[in-house]
């Protein structure tokens, strides 16, 4: 029998309080052609992991090991791997593989590839001591960002960055009604992804207004430089040029749409969302307002965001848990017992 490792698996998805995440022993995987084997040094705990564990996402791999914000060290490489070797510090993120030849891949929208595969859903992820990943989809990490700080950047950060790009506010986007004020962005929900997105937006000169239910999260938003922070169902103090909903709550969509100025854009982040109530056309959608969804990310998004994070000092508020307490970390995420992001570390 080959060497084995500690890991977590989801044999049968269900409510997190029924313990769907189970501690197991698995063989240490071997890297195939084009793959690297990574010793995990940190793994972020993401809401998507919760969706996998609870069954909000359909099962793609039986008894999958979750985790797609993986920081580690290359310990072995398969055939046909170029540019990586033992000892290299790398990151493994949500987007694991795309076909490279479909229309979407060829036009630079690999996040829409119908054959795409994802870490911690289609293949085992980082809630383990080791993980394998295709070398073409592995990131090199800036030296300025340590392991624990880097982990939440790999999904929460990258997805938040793509959601921000989808608003059109980066790179001198709206407003188009005069140059005398910065663009105004509303963030609905202020967990792991939103508080990273806010830092990028503020560093890029965007005025940020946070709408979220938690008093601690509102205080964190103001500490990070948000202009205002109110309850999720409050109206912001000004009309917004764009908004992003991070909370997976469909009821917030019409709330956010009412907060937009004419021509405003709502970007919906996240892979799962509860049902959206009926929209009132005149009050919530008229005047050329737009709703844009966000689907995964491209490798370009990841590279650009990690560069921005290093340049602007973007950091998550992190809470570390030992790997042996991954089930508790996921339950604490579900019940809102921490602000910022949780990160698993070896124990």
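Using a 10 Å cut-off around each Cβ, can you sort 267, 293 from fewest to most neighbouring Cβ atoms?
Ordered from fewest to most neighbouring Cβ atoms within 10 Å, 267, 293 come out as 293, 267.
For the chain, modelled as a Gaussian network with Cα springs under 10 Å, which listed residue fluctuates most, 264, 34, 192?
Result for the chain, Cα springs under 10 Å: 34 fluctuates most.
Which value results when the Cα radius of gyration for the stretch 160-293 is divided by 2.2 N^0.38 Å?
Working: Rg = 13.3 Å, N = 134, 2.2 N^0.38 = 14.1 Å.
My calculation over the Cα atoms of the stretch 160-293 gives 0.94.
Which percentage, to the nearest 5, of the DSSP beta bridges contained in the chain is antiparallel? Display every interim value, and only then the final one.
Numbers: 32 of 59 bridges.
If I count the DSSP bridges inside the chain, around 55 percent turn out antiparallel.
Jot down the radius of gyration and Dmax of the chain, Cα atoms only, both in angstrom.
19.9, 69
Which residue, 323, 185, 170, has the most motion in a Gaussian network model of the chain that connects Cα atoms within less than 10 Å?
Highest fluctuation among the options: 170.
Rounded to a whole number of µm²/s, how large is the Stokes-Einstein D of the stretch 192-254 at 10 °C and 1.306 mPa s, given Rh as the Kirkwood radius over C-alpha pairs?
Working: Rh = 11.9 Å.
In µm²/s, the coefficient rounds to 133.
What order do you get for 249, 52 when you list them from fewest to most C-beta neighbours inside 10 Å?
Fewest-to-most ranking of 249, 52: 249, 52.
Suppose R0 equals 45 Å; then what is the FRET efficiency for residue 99 and residue 181 from their Cβ-Cβ distance, rounded to the nearest 0.05?
It comes to 0.55.
Assuming R0 = 35 Å, what is the FRET efficiency of residue 279 and residue 22, from their Cβ-Cβ distance, to the nearest 0.05?
0.30
Quick one: 136, 49, fewest Cβ neighbours within 10 Å first, how do they rank?
Fewest-to-most Cβ neighbours within 10 Å comes out as 136, 49.
Relative contact order of the stretch 160-293: what whole-number percent is it, with Cα pairs under 8 angstrom and at least 6 residues apart?
Values: 268 pairs, mean separation 31.4, N = 134.
Once divided by the residue count of the stretch 160-293, the mean separation gives 23 percent.
Compute the acute angle (0 to 90°) between the alpha-carbon long axis of helix 156-167 and the principal axis of greatest extent of the alpha-carbon atoms of the chain; round to the nearest 10°.
That works out to roughly 40 degrees.
Where does the stretch 1-158 land on Rg/Rh, using Cα atoms and the Kirkwood Rh?
Values: Rg = 15.3 Å, Rh = 15.9 Å.
Dividing the radius of gyration by the Kirkwood radius yields 0.96.
Can you compute the label reach from residue 290? Point 7 Å from Cα along the Cβ direction, backbone N cut-off under 20 Å, restricted to the stretch 190-213.
Output list for this probe position: 201, 206-207.
Tell me, what is the percent relative contact order of the chain, built from C-alpha pairs under 8 Å that lie six or more residues apart?
Once normalised by length, the contact order is 18 percent.
What is the helix-to-structure angle for 192-203, meaning the angle in degrees between its Cα long axis and the longest Cα principal axis of the chain, kept from 0 to 90 and rounded to the nearest 10?
Here the helix axis deviates by roughly 60 degrees.
Can you pull the one-decimal nm distance between simple spin-label points at residue 213 and residue 12, each 7 Å off the Cα toward Cβ?
2.9
Using Cα springs under 10 Å in a Gaussian network model of the chain, which residue among 83, 191, 313 shows the largest mean-square fluctuation?
Of the options given, 83 has the highest mean-square fluctuation.
Just so you know, all these numbers are worked out from the coordinates, no wet-lab data involved. Everything numeric here is computed off the predicted structure, so don't read it as measured data. In this analysis, Cβ positions are derived from the backbone assuming ideal geometry, glycine residues included, and neighbour counts consider all displayed protein chains.
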